[in-house]
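Let me begin by presenting the structure, written as structure tokens, before commenting on it.
Derivation of every value follows stated rules applied to the coordinates shown; laboratory data play no part. Because the structure is a prediction, the values reported are computed rather than measured. Glycine also receives a Cβ, built like all others from the backbone with ideal geometry; neighbour counts cover every protein chain displayed.
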Amino acid sequence: MGEDEKIVLNRMFSVLYNTLGPSYWWPGDTTFEICVGAILTQNTNWNNVEKAISNLKANNLLSPERLFFLDDEELAELIRPAGYFRIKTNRLKNFLLFLKQEVNFEIEKLKHYSLYDLRNKLLSVKGIGPETADSMLLYAFEKEIFVVDAYTHRIFNRHNLIEDQVSYEELQEFCMENLPKDIHIYKEFHALIVRVGKKWCKKKKAECNTCPLCGID
DNA sequence: CACCAGGCAAGTA
DNA sequence: TACTTGCATGGT
């Protein structure tokens, strides 16, 4: 039972990696930049997020302290291209307040926290849900946790690996049980899923005829 | 033009 | 618990 699923997931990984190549994820130079990107990319194309991040960089504002003390209105204008800019302004500010209160803006200190301690603390910040928290944990804080997203759900469902109604945590557990427990694999597999999903596994149109995963099962 | 993007919280029943 | 809705820009 479980062995078959391991085989399928490992085959998916190698097919995707061999056809698409390495992903070099997450784009972003610092721990903080990755966290900011994780909030900005919620239900939003990364293209738009890049514009917002480059606005912040151009104004030398990609630091926890400086962003914390920036007026909400100015922050909103800078991140406007990322969409949902008023909501995301509040979510960023909530995260920045958490950084101030938890580690006095010294974000690197969070790397010493244990996985589930940090996960619970991130989830308690309003505006950080499971996917955003796990993206930060895996890519920014180097914790061994798998990131589930809409594409993971859609692709795994279309390949009859999971029921459509499974929860985030259930799907996450399924992935972590059937993939090698390796942070590098987790990083690359999530990235590959997003890349293949964007191109071949859209919400309505499933252009599976040319998808690398077509006929894998 | 319609559709969608690397979600989340709040409201409703 | 299990739906539904608002949030918003920019690319295809």
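Extension gain for residue A:210 to residue A:112 (0.36 nm times residue separation, less C-alpha to C-alpha distance): 30.9 nm. The peptide list A:52-60, A:31-39, put in order of mean Cβ contacts within 10 Å with the highest first, becomes A:31-39, A:52-60.
Which helices count as membrane-span-like in chain A under these terms: full DSSP H, at least 20 Å along the axis by C-alpha, Kyte-Doolittle mean of -0.5 or more?
Result, helices passing both filters: A:2-20, A:85-103, A:183-200.
Of A:121/A:143; A:57/A:126; A:51/A:88; A:93/A:126; A:57/A:199; A:88/A:143, which ones are farther than 20 Å apart at the Cα? It would help to have the intermediate numbers written out before the result.
Values: A:121/A:143 14 Å; A:57/A:126 25 Å; A:51/A:88 14 Å; A:93/A:126 10 Å; A:57/A:199 29 Å; A:88/A:143 25 Å.
Cα-Cα > 20 Å for A:57/A:126; A:57/A:199; A:88/A:143; rest within.
Normalised by the number of residues in chain A, the mean separation of alpha-carbon contacts (under 8 Å, six or more apart) gives a relative contact order of 26 percent.
The slack in the chain from residue A:203 to residue A:44, taken as 0.36 nm per residue of separation less the alpha-carbon distance, amounts to 55.8 nm. Within the shell defined by Cβ-Cβ distances under 10 Å, the residues around residue A:142 carry a net charge of +2, with Lys and Arg each +1 and Asp and Glu each -1. Each residue of chain A gets 123 Å³ once the volume of the Cα convex hull is shared out per residue. If R0 is taken as 30 Å, the Cβ-Cβ distance between residue A:103 and residue A:195 corresponds to a FRET efficiency of 0.35.
Each part gets one Cα centre, and for the stretch A:1-72 versus the stretch A:100-132 those centres are 17 Å apart. Scoring A:159-170, A:192-203, A:112-123 by mean Cβ neighbours within 10 Å over their residues and listing the highest first yields A:192-203, A:112-123, A:159-170. Placing dummy labels 7 Å off each Cα toward the beta-carbon, the span from residue A:63 to residue A:20 is 3.6 nm.
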